[in-house]
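**Q** Quick one: the structure is below, and I'll ask about it shortly.
The values are calculated or read from the model by the stated rules, or taken from the named source; none is laboratory data. Being a predicted model, the structure only gives us computed values, none of them experimental. Note: ideal-geometry Cβ built from the backbone for every residue, glycine included; neighbour counts use all protein chains shown. We work out accessible area using only protein heavy atoms, side chains counted, and drop any ligands, DNA or RNA first. Shrake-Rupley method; radii C 1.70, N 1.55, O 1.52, S 1.80 Å.
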Amino acid sequence: MNAPVQAGATGIGAGRSPVIVYEDVVKRFGAFTALGGVSARIDRGEVVCLIGPSGSGKSTLLRCTNALERIDGGRILFDGVKLPAAESAARKVRRRMGMVFQNFELFPHMTALGNIAVGPKTILGQSLDAAERRARALLDKVGLAEKADSYPSTLSGGQQQRVAIARALAMDPEVMLFDEPTSALDPETVGEVLNVMKHLAQEGMTMVVVTHEMTFARRVASRVIVFDHGRIVEQGPPTQIFENPVEERTRDFLGHLGWSG
Amino acid sequence: MTYDWSVVWQHRSALADGVVITVLLTVLTMALAVPGGLAIMLLRQTRIGVVGTAFVEFFRNLPLILVIYWTFYVLPILVDVVLSPFATGLLALSLAVSAYNAETFRAGVNSIRKGQVDAALALGMSWTQLMRIVVLPQAIRRVLPVLASTWVSLFKDTSLVSVIAVGELAYTSMQIRAQTFRVLEMLTAMAVIYWCLGYPQAKLVDWIHRKYGVTE
């Protein structure tokens, strides 16, 4: 399974330092090939949106990035170092990446504050006081200062996802991975989550975002990568992807979404 | 036929002692079998999980009364340790209930969404941390109604240790029956006492079901 290196995989962002490098990454689930040789790089400070049809491998690539899924071929470099195979070593790398899930996955038995403070307290060994002080600051940052003592079940989807973003940020990650962060939300709460993400991008956070929100991708992304059938079809700045897509399949995909350029 | 209910009153102090032993046996068994069940459930998730599986399948598929007899007659021969009847009964009940609790906890853990584990892993938690902080607190809360039901069953099943002469309520009642030949009175008294103690516990279980039962 030796796919040629994708055009632009190494040429974009010259002069900046890569945080994540994918080299011919292959992932199979049984007989199904989810990733059929993906090569790409994410540079520091970039906001990269992964788009494409369902089942095209975007989410799988994201889950491989922090070793929630193990790859079957190729390699992934994080900060220049190959993702380790051993679970205990992978854990150390994982701490440097924040992840936000489609279904929020807040811990239902903890308050919003508890959800955010639990990582720094148990994993980074911060004092409860320090962890909670930071958690309050982060809640304020995502606009939920008054919800510190609320349990997830009492929060709206948009509020839960903002808490989940704060929980990931509490670990001071170098990269934030977003796995369809707005797909499970009511339309009226999508905006508040995207706003938080936009602010994060403006602060210079490196972000990899799997999304179906084309407007967000177009406005916020520094680069867009289009997936289909486990491969990268095309990548480039949003203006290229949305206005002048080179590849027929990109045009097809955007056309199906009703995107008119 | 004449009834002589005074026999119950005459032996009230022995019956009260029996009740104390029954309650004590129930409380101590559960105190051992909850951590025991947790430990076996966790053991089953490790490389030597087959040991835990064997334990569960062994005790789950034997009649409790056989386990009690076996612990009383066979175990002392095998390991050369002689326990008091109370300790023997406690051990047998704890082993059997641990096996049941292990299955209960396993069901609870399996009911937690995989996404919760992903979220804990993504934060950088180890398996031990994610079990302790994320999965078990949710799983235990979820299986609380089942544990409560096990408790009530256990309360009644403690009567089985009467076969090895542990002086709990059933054994005491039977002894008095044998001495006084007041079969109807003693069996009725025993039934009334078990029922009066069991009913509030069953109601408590119902309440726990309502409060902690999974509604999502």
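**Q** What helices does chain B hold that run 20 Å or longer along their axis, going by alpha-carbon atoms, with a Kyte-Doolittle average of 0.0 or more, using DSSP H for the helix calls?
**A** Details: long enough: B:12-43 (45 Å, 1.86); B:85-110 (37 Å, 0.70); B:136-157 (29 Å, 0.56); B:183-212 (42 Å, 0.47).
What comes out of the filter, once short or polar helices are dropped, is B:12-43, B:85-110, B:136-157, B:183-212.
**Q** I've got another one for you. Please name whichever of A:SER127, A:LEU68, B:TYR3 sits farthest to the positive end of the charge dipole of the protein assembly as shown, dipole taken about the Cα centre and charges placed at Cβ: Lys and Arg +1, Asp and Glu -1.
**A** Of A:SER127, A:LEU68, B:TYR3, it is A:SER127.
**Q** Among B:ALA96, B:VAL134, B:GLN201, whose Cα projects farthest towards the positive end of the dipole of region B:11-212, with charges put on the beta-carbon of Lys, Arg (+1) and Asp, Glu (-1)?
**A** B:VAL134
**Q** Here is a further query. Give me the 1.4 Å probe accessible area per residue for the protein assembly as shown, excluding ligands and nucleic acids, in Å².
**A** 46 Å²
**Q** Could you go through region A:111-116 in sequence order and give the Karplus-derived ³J(HN,Hα) for each residue, using 6.51 cos²θ - 1.76 cosθ + 1.60 with θ = phi - 60°, rounded to whole Hz, and x for Gly and Pro?
**A** With the stated coefficients, region A:111-116 comes to 5, 4, 4, x, 4, 7 Hz.
**Q** Given the pairs A:LYS82/A:LYS141; A:LYS147/B:LYS203; A:LYS82/B:LYS114, which span a C-alpha to C-alpha distance of over 30 angstrom in this model?
**A** A:LYS82/A:LYS141; A:LYS147/B:LYS203
**Q** Average the reciprocal distances over every distinct pair of alpha-carbons in region B:11-212, invert the result, and give the Kirkwood radius in Å.
**A** By the Kirkwood definition, the hydrodynamic radius is 18.6 Å.
**Q** Would you calculate the volume per residue, in Å³, of the smallest convex hull containing every Cα atom of the protein assembly as shown?
**A** 204 Å³
**Q** Something else now. So what J values fall out for region A:47-55 if you push phi through Karplus, 6.51 cos²θ - 1.76 cosθ + 1.60 with θ = phi - 60°, rounded to Hz, Gly and Pro as x?
**A** Along region A:47-55, the couplings run 10, 10, 9, 9, 10, x, x, 4, x Hz.
**Q** A follow-up question, please. For the B and A pair, go ahead and give the buried accessible area with a 1.4 Å probe, both sides summed, in Å² to 100.
**A** Rounded to the nearest hundred, the buried surface is 1600 Å².
**Q** Follow-up. Of the peptides B:192-205, B:148-161, how do they stack up when ordered by the mean number of other Cβ atoms within 10 Å, highest first?
**A** Working: B:192-205: 13.6, B:148-161: 19.9.
So the order, starting with the most tightly packed, is B:148-161, B:192-205.
**Q** Counting other Cβ atoms within 10 Å of each Cβ, which chymotrypsin sites (Phe, Trp or Tyr not before Pro) in region B:1-98 have at most 10 and sit in a DSSP loop?
**A** Working: sites: B:TYR3, B:TRP5, B:TRP9, B:PHE55, B:PHE58, B:PHE59, B:TYR69, B:TRP70, B:PHE72, B:TYR73, B:PHE86; in loops: B:TYR3, B:TRP5.
Within region B:1-98, the qualifying chymotrypsin sites (Phe, Trp or Tyr not before Pro) (loop, at most 10 other Cβ atoms within 10 Å) are B:TYR3.
**Q** Taking amide H atoms as placed 1.01 Å from N in the peptide plane, list the residues 5 or more away in sequence, or in a different chain, whose amide H sits under 5 Å from that of A:ILE20.
**A** Hits under the 5 Å cutoff: A:ILE42, A:ASP79.
**Q** Restricting things to alpha carbons, find the Rg to Rh ratio for chain A using the Kirkwood radius for Rh.
**A** 0.97
**Q** About its Cα centre, what dipole magnitude does the protein assembly as shown give when the only charges are +1 on Lys and Arg Cβ and -1 on Asp and Glu Cβ, stated in debye to the nearest 20? Mind showing how you got there, number by number?
**A** Working: 46 positive and 40 negative charges, 106 e Å.
I would put it at about 500 debye.
**Q** Right, something else. Points 7 angstrom from Cα along the Cβ direction at B:LYS114 and A:GLU146: gap in nanometres?
**A** For B:LYS114 paired with A:GLU146, the spin-label model returns 4.0 nm.
**Q** With +1 assigned to the C-beta of every Lys and Arg and -1 to the C-beta of every Asp and Glu, and no other charges, what is the dipole magnitude of chain B about the Cα centre in debye, to the nearest 20?
**A** Computed about the Cα centre, the dipole is about 680 debye.
**Q** What is the set of long-range amide H partners of A:ASP228 at a cut-off below 5 Å, with H atoms built 1.01 Å from backbone N?
**A** Under 5 Å from the amide H of A:ASP228: A:VAL233.
**Q** Calculate what fraction, in whole %, of the accessible area of region B:11-212 sits on carbon and sulfur atoms when a 1.4 Å probe is rolled over the protein chains.
**A** Ligands and nucleic acids excluded, carbon and sulfur reach 69 percent.
**Q** Looking at the square roots a ≥ b ≥ c of the eigenvalues of the Cα gyration tensor of region B:147-190, which shape do they give, rounded for a/c under 1.5, prolate if a/b is larger than b/c, or oblate?
**A** Working: a/c = 4.41, a/b = 1.95, b/c = 2.26.
Oblate shape, in that a/c is at least 1.5 and b/c is the bigger or equal ratio.
**Q** Then there is this: Find which of B:MET41, B:THR26, B:PRO145 sits farthest along the positive direction of the dipole of region B:11-212, computed with +1 on the beta-carbon of Lys and Arg, -1 on that of Asp and Glu, about the Cα centre.
**A** B:PRO145
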